[in-house]
Amino acid sequence: MFPSDEKMMPSSYESKRDFAIHGGVPAFSEPLHVGHPNVGSREAFLHRVNEILDRRWLSNNGPVVREFEQRIADYVGVKHCIAMCNGTIAMEIAIRALDMKGEVIVPSWTFIATAHALSWQDITPVFADIDDVTHNLDPTAVRRMITPRTTGIIGVHVWGRAAPIIELEAIAEEHGLRLMFDAAHAFGCSYEGTRIGAFGQCEILSFHATKAFNSMEGGAIVTNDDELAEKARLMRNFGFAGYDNVVHPGTNGKMTEICAAMGLTNLDSIDDFFDQNRRNYETYLKELSGLEGLSFVHHATDEESNYHYNVVEVGPSFGISRDRLIEVLHAENILARKYFWPGCHGMRPYKELYPHASLLLPNTETVGSRVVVLPTGSNITPGHASKVCEVVRSAARLRP
Ligand code: T4K
């Protein structure tokens, strides 16, 4: 099913150090992406699409969306999955359904959507610092940011590793705050043996094309709370509770049948996707460990993981700077990313709100200046990953 490793035998690249950035030939003729989509059986997908077209039911809670919701709820192990058109809308609806307002504490070290989902609804995202090893929220920093206006916390399971769930639950309980999780990275990951998706009052999933598991575009709210699920379902469809009867302010958050068909198709191949990701992760880990100045952000070994993010930190003792390494990798057609540099607090809408936020976010600042995310996915083999490692090792010997 996957491209053969043989096509990507180790080259003499390292010994020659013929960097494309210096006019040499790129290590890869085609770009290697961080988010190249995983695609399951084409036949199964097209079969589903034909059925959808025959049925002429394309959206508005159709049968494929309902099947998809059931399969996701079963997979995650929750009572309810409310499928949405994307993860951002799912988060906006969850925030509103939970009646968050005023200030909500989030990490700055997350994709901008987490902060935007709040500010889009006139709620102030208050950024708390992260743990510099896991890159997840630091509970002590969260406590420091609580004010009388705080109504909630959104924890993010960054890179698929669980946020400090127990500690955040304790803080939420102590201060009477709502708690939800942004699990956009963590589909298929677990925390103390329980699949992520079942924690807090609800969790948000993203099935964007670039995720380990995708429905092209898509997202969901997953929860065990019946009332919240019902409210979110109404809000997803303009607040309609039947013909001519609107009972909530709402929006259009509906998933299409075609997206659900893609989701069902990919769900059938999910073990293959995660296995391939794990093999790539293990290759990166083995071949880059011990390289001076470079450290790996590990996936939890005692938990389930989708192994979708291969994250390294480039420290001061690495041969070249993080940004120079990215330049070298891009020149070699390895489209590594600096996700989420410079952090939400460094992006214009929030920088203007909190010009001095960096003083309160020292770990976010340090991590943000060091992270490089390396390519993976079902069209990248351990052979490719190995060659990427050769480039990284050679780049370490370049001088600024
Ligand atoms: N919370 C968190 C923590 C998130 O990470 C995200 C989304 C959300 C919430 C919101 O969920 P959604 O509303 O998106 O469902 C991507 C995604 O657009 C975004 O979904 C994702 N996080 C974020 C981390 O990454 P970009 O800016 O990296 O996309 P782009 O176009 O640069 O693509 C990335 C790489 O993938 C490129 O090398 C090209 C390649 N690619 C991309 C697409 C879409 C392909 O090869 N094929 C494709 O179809 O944002």
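The values are calculated or read from the model by the stated rules, or taken from the named source; none is laboratory data. These numbers were taken from a predicted model, which means no experiment stands behind them. All Cβ positions, even for glycine, are placed from backbone atoms using ideal geometry, and neighbour counts span all protein chains on display.
Each row is one residue, and each column tells you yes or no for (1) within 16 Å of Ile123 (Cβ to Cβ); (2) among the small types (Gly, Ala, Ser); (3) more than 16 Å from the ligand (Cβ to nearest atom).
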| position | (1), (2), (3) |
| --- | --- |
| Thr147 | yes, no, yes |
| Trp159 | no, no, no |
| Glu167 | no, no, yes |
| Ile171 | no, no, yes |
| Leu177 | yes, no, yes |
| Asp182 | yes, no, no |
| Phe187 | no, no, no |
| Ser190 | no, yes, yes |
| Leu205 | no, no, no |
_Selection within region 218-253 - within 16 Å of the ligand (Cβ to nearest atom) and surrounded by fewer than 19 Cβ atoms within 10 Å (Cβ to Cβ)_ = Thr251, Asn252
*Please enumerate the residues belonging to region 334-356 that are in contact with a Ser or Thr (Cβ under 7 Å, 6 or more places away or on another chain) and either small (Gly, Ala, Ser) or away from the ligand (no atom under 13 Å from the Cβ) (or both).*
Gly343, His345, Pro349
*asked:* Tally up the residues in region 176-204 that are farther than 17 Å from Glu303 by Cα and in a strand (DSSP E or B), please.
replied: 8
_Residue list for region 21-34, restricted to those being more than 9 Å from the ligand (Cβ to nearest atom), surrounded by 12 or more Cβ atoms within 10 Å (Cβ to Cβ) and under 16 Å from His384 (Cβ atoms)_ = Pro26, Ala27, Phe28
*asked:* Just the residues that are under 20 Å from Tyr191 (Cα atoms) and touching a residue at least 40 places away in the same chain (Cβ under 8 Å), please, taken from region 72-108.
replied: Ile72, Ala73, Tyr75, Val76, Gly77, Val78, Lys79, His80, Cys81, Val106, Pro107
_Looking for something buried (at least 19 other Cβ atoms within 10 Å of the Cβ) and small (Gly, Ala, Ser) - is there at least one such residue anywhere in region 331-340?_
yes
*Got a sec? Which of Glu43, Glu51 is surrounded by 14 or more Cβ atoms within 10 Å (Cβ to Cβ) and out of contact with any strand residue (DSSP E or B) (no Cβ under 7 Å at 6 or more places or on another chain)?*
Glu51
*asked:* Please go through (1) over 30 Å from Lys351 (Cα atoms); (2) not in a helix (DSSP H, G or I) for Val49 and return the number of the only condition it doesn't satisfy.
replied: (2)
*Out of Glu6, Glu14, Glu67, which single residue is surrounded by fewer than 18 Cβ atoms within 10 Å (Cβ to Cβ) and at pLDDT 95 or above?*
Glu67
*Could you tell me whether Ser358 is modelled with pLDDT of 95 or more and either part of a helix (DSSP H, G or I) or closer than 24 Å to Asn280 by Cα (or both)?*
no
